[in-house]
Each structure stands twice: as C-alpha cells, then as structure tokens.
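Notes follow the structure.
Derivation of every value follows stated rules applied to the coordinates shown; laboratory data play no part. Computed from a prediction, not measured in an experiment: that's the story for all the values here. When we count neighbours, we look across all protein chains shown, and the Cβ atoms used for this are built from the backbone with ideal geometry, even at glycine.
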Amino acid sequence: MTESKKKVLITGGAGFIGSHVVRQFVTGYPNYEITNLDALTYAGNLENIRDVENAENYHFVKGDIKDAGFLLELFEKEKYDAVIHLAAESHVDRSITNPNEFIETNVMGTANLMNAFLAAHQDSFEGKLFYHVSTDEVYGSLGKEGLFTETTPYDPQSPYAASKASSDHLVRAYGNTYGMPFVISNCSNNYGSHQFPEKLIPLFIHNIKNKKELPVYGDGQYTRDWLYVVDHARAIDEIFHKAKLGQTYNIGGFNEWTNLDLIHVLCKIMDRKLDQEPGSSAQLIRFVKDRAGHDRRYAIDAGKLNRDLGWAPSVTFEEGLEKTVDWYLSNPDWLEHVTSGAYQDYYEKMYG
Ligand code: NAD
Ligand code: DAU
C-alpha cells in the first residue's frame, strides 16, 4: 500500500502486539486515520496505548468481531481502506480448556470482518488491503532440524493453532474466490512490554518478583523462536506498505531457545535487577505436568522477508529481554491492574 492518506482499521489494538502496531502506525503515519477496534476482553487493556490515545489521527471503537451485524454497519459507514487484523484469542492453554471461544473469535470473527470489508468495497478493491496477522503455530511442530518456511504444509496441533490455521485458509479462499486483496504474516513467539502475564516471560517475571514458583511444563526442553514485539510491529509496517498482494511472510528472530535455557537467563537478569543472591530466582523452578499436545519446537526462516523487503530484527535477545524486564519492574501498577482486573475500569473512566 502507498503512504497516501487512508483509513486504517487495526483490530485487537488494545492487546499486546496490537498496541505496539497501533503505536507504530499512529506515530509513523500522521496522515493516516487509524481506528483501533477492540472488544476489551481480559487481554485487552486501553492502558497499553495511553501514550497515543489523544493523537489526532487515532480513534478507539469498542466492538466485538463476533458481532457480524455491528461490523457490517461500521464498515458501511467508515469504508476503511485497509484492515490490519490482530484481534484473537491468543493463549494456547486457554484454547485447551475452552476451544469454542477460539473457534468463534478466531474463525467466525475473521469471516465476519472479511464479509464486512467485502460488502463495503463491492464496487472496487482498488487501493484496498486486508492484512491478516497470524502465527507460526499453524505449521505444527518441528523435529530437531529444519525451519518453517512459507511453503511448509499446515499441521496445527492445538485448538488455538487450528483456529488460526482455519482463519488463514479463509483469508486465502476469500482472495481466490472474491478477489479480496490480502497479505498474511506468520510470526514466532513475541516478547516485550504490555504482554499479559499468562504467557511464559511476563508470568515468570511476575512470579520471580513475588517469590512464587516457576511452573515449567514437562521436561522444559521445548524450543521457541523469540522476537522482540517492536520488531514484529516494524515487520508488519514493512509488509503493509511493500508486500505484493496475495503474499505470505514468515517473521522470526532466528533466535531459538529451549524453555529451560531461557528461564535460566531470565532468572540471572532478575537476580541482578532485584539485587538478590545469584541463583535465588532459579530456586523457584518447578517441573509440572506438561501442556496437552505440547508442540516440541518452533523455528522460523524469515529469509523471504529479509530478501524481499529488507527487514531484520533491530534488537538482540539480550537487549530485548533486559528492556522487557526493566519495563515490567518499572510498571508495577500495570501489572497490578491486569492481574486484579482493575484495568477494566479504565474504559469506564475514559469513555464512560
Ligand atoms: P492478546 O491476547 O494480547 O490480544 C488480543 C486482543 O484482541 C485483545 O486486545 C482483545 O481484547 C482483542 N480481542 C479478543 N477477542 C476479540 C473480539 N471478539 N473482538 C474484538 N477484539 C477482540 O494477543 P497478542 O499476543 O497480542 O496477539 C495478537 C495477534 O497476533 C493474534 O492474532 C495472535 O494470533 C497473533 N500472534 C501472536 C503471537 C505472540 O507471540 N503473542 C505470535 C504470532 C502471532
Ligand atoms: O509461536 C507463536 C505463538 O507464541 C503465538 O501464536 C501465541 O499467541 C503465543 O501465546 C505463543 O504461544 P506459546 O504457547 O509458545 O507461548 P507461551 O508463552 O504460552 O509458552 C511458551 C513456552 O513455555 C511453551 O513451550 C509452553 C511453556 N510454558 C508456558 C507457560 C505459560 C511453561 O513451561 N510454563 C508456563 O507456565
């Protein structure tokens, strides 16, 4: 997409990655009109984007992508030129206990959004774009060797992964059937500020701070490929502006860690930051029952994104992790609000 004036709808912009994408676009493109559509579920927090909420090119709309009628009306009125779709249920453990919520939001919600986008642009798709943000989990699990590429066959293993895979298939099917202009990106594990403390890194920072046990699933030898969230937002910016329609890009940090190795690095940083005896945090590690159907290894080949669009991570893992720990330690109110649920009052205060 070119950088001329346009109306961009970002869904899920009050969540972890979405809030960084909102910040990237609101500050980077003052001539765009950015609307953040979010249902403010347990994972959505307007405090995540407090720094940009008064920007002239930013609006917030509280709404649910499961509500097809609401989306049709909204798009009919606003005729957004582009959508960057991040709204989703995102936590694998929750998908194991409540798969239907994931199917309804991630599959039906995505279909509702595309139906509204198509209805608003039935005359012409000229200059329009539907950007679907997805995950590497759609590819399933790797053995010891190899990387996920854009042509790796889909083999999702959790209800979350299957719901995201279904939504990816639907996006491509809408492109093929209705000519909907789209791009998709599939990213590896993100870490950074504003991540809900149910995911590994913020949960463990929170637990170490509160001297609570660190629950390591199974043998701790599961491998993930970690990317600093700001670098994901930068990649989305590049793909949004430069990718050819119909393309898929994998995004990752070339940064594989077993969970146990990562946890030990995190423990060392926390001991230093909290001025504790070396080894204190690691004493909190406990091996617990494994996650059902736990994928053994994810690792992304982000070579296409680097070759085609020149993107590369800007931050090393050591720098990113240090910044992340610093952010959580210097924002105890944020952690307090999300763990107590008090942040949900913020919407009432801000928007009545
Ligand atoms: P998150 O759970 O932190 O945020 C999700 C946001 O979506 C929240 O603000 C929530 O309120 C909103 N939302 C949920 N259901 C909604 C609904 N029905 N209607 C409107 N809004 C709704 O998630 P995240 O980790 O920021 O992930 C964002 C996207 O990126 C997801 O699509 C996820 O699949 C994808 N992704 C995440 C990662 C990761 O490591 N976190 C990696 C790759 C891809
Ligand atoms: O790969 C991208 C995906 O990364 C995203 O699509 C998901 O939205 C995001 O949640 C993340 O999924 P994971 O399941 O990999 O992330 P999580 O932080 O839940 O777990 C990371 C690893 O740590 C995984 O192997 C499970 C393990 N783990 C996690 C938790 C919460 C533990 O050992 N203990 C824990 O308490």
Please compute the contact order of segment 111-226 in relative form: average sequence separation of alpha-carbon pairs under 8 Å and at least six residues apart, divided by the residue count, as a percent.
27 percent
Once ASN100 and GLN344 are pulled to full extension, the length gained, defined as 0.36 nm per residue separation minus their Cα-Cα distance, is 85.5 nm
Note on the chain: contact order normalised by length, alpha-carbon pairs under 8 Å, 6 or more apart, percent, works out to 18 percent
May I ask you to give the average projected area over all directions of the convex hull of the Cα atoms of segment 193-352, in nm² rounded to one decimal?
12.0 nm²
Starting from the 7 Å offset along Cα-to-Cβ, what nm value, one decimal, do you get for the label separation of ASP51 and ASP93?
2.9 nm
What aspartates and glutamates could a cross-link reach from LYS62, if we take a straight Cα to Cα line under 12 Å and drop same-chain neighbours fewer than 8 places away?
ASP38, GLU348
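Over the chain, what is the percentage of antiparallel beta bridges among all DSSP beta bridges, to the nearest 5?
In the chain, approximately 10 percent of DSSP beta bridges are antiparallel ones.
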Short version: what are the Cα gyration tensor semi-axes of segment 197-236, square root of 5 times each eigenvalue, largest first, in whole Å?
24, 15, 6
R0 of 35 Å, Cβ-Cβ distance LYS79-ASP326: FRET efficiency to nearest 0.05:
0.25
What is the dipole size for the chain, taken about its Cα centre, with +1 at each Lys and Arg Cβ and -1 at each Asp and Glu Cβ, in debye to the nearest 20?
280 debye
Working note, the chain: Cα radius of gyration (Å, one decimal) and Dmax (Å, whole number) are 19.8, 66
Post the alpha-carbon centroid distance, segment 274-352 to segment 233-259, in whole angstrom.
19 Å
Local charge sum around ALA14 (other residues, Cβ-Cβ under 11 Å, Lys/Arg +1, Asp/Glu -1)?
-1
Whole-angstrom gap from segment 144-207 to segment 88-133, using each part's C-alpha centre:
13 Å
Before rounding to the nearest 500, sum -39500 (n - 2.57) across all DSSP H runs of length at least 4 in the chain and divide by the residue total; then give [θ] at 222 nm in deg cm²/dmol.
-12500 deg cm²/dmol
Mean shadow area of segment 283-352, taken as a quarter of the surface of its Cα convex hull (nm²):
9.7 nm²
Within segment 158-181, whose backbone N sits under 19 Å from a point 7 Å along Cα→Cβ of GLU126?
179-181
Cα-based radius of gyration of segment 1-63 once divided by 2.2 N^0.38 Å, which approximates compact folds:
1.02
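Starting from the Cα-Cα distance between THR27 and HIS294, subtract it from 0.36 nm times their residue separation and give me the gain in nm to one decimal.
Working it through step by step, the gained length comes to 92.3 nm.
Given just the C-alpha atoms of segment 73-207, how large is their convex hull per residue in cubic angstrom?
140 Å³
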Distance in nm between label sites at THR258 and ASN210, each 7 Å beyond Cα in the beta-carbon direction?
2.9 nm
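Which of THR151, THR27 has the fewest other C-beta atoms within 10 Å, and how do the rest follow up to the most?
Fewest-to-most ranking of THR151, THR27: THR151, THR27.
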Rg and Dmax of segment 1-136 over Cα atoms: what are they, in angstrom?
14.5, 45
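If you average 1/r over every pair of different alpha-carbon atoms in segment 33-72 and take one over that average, what Kirkwood value in Å do you get? Don't skip to the end; give the middle numbers.
Details: mean 1/r = 0.0898 Å⁻¹.
About 11.1 Å, per the Kirkwood formula over Cα pairs.
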Based on C-alpha coordinates, I'd like the Rg and Dmax of segment 264-304, in Å.
15.8, 44
Along the principal axes of its C-alpha atoms, what lengths does segment 147-211 span, in descending order and rounded to whole Å?
54, 22, 22
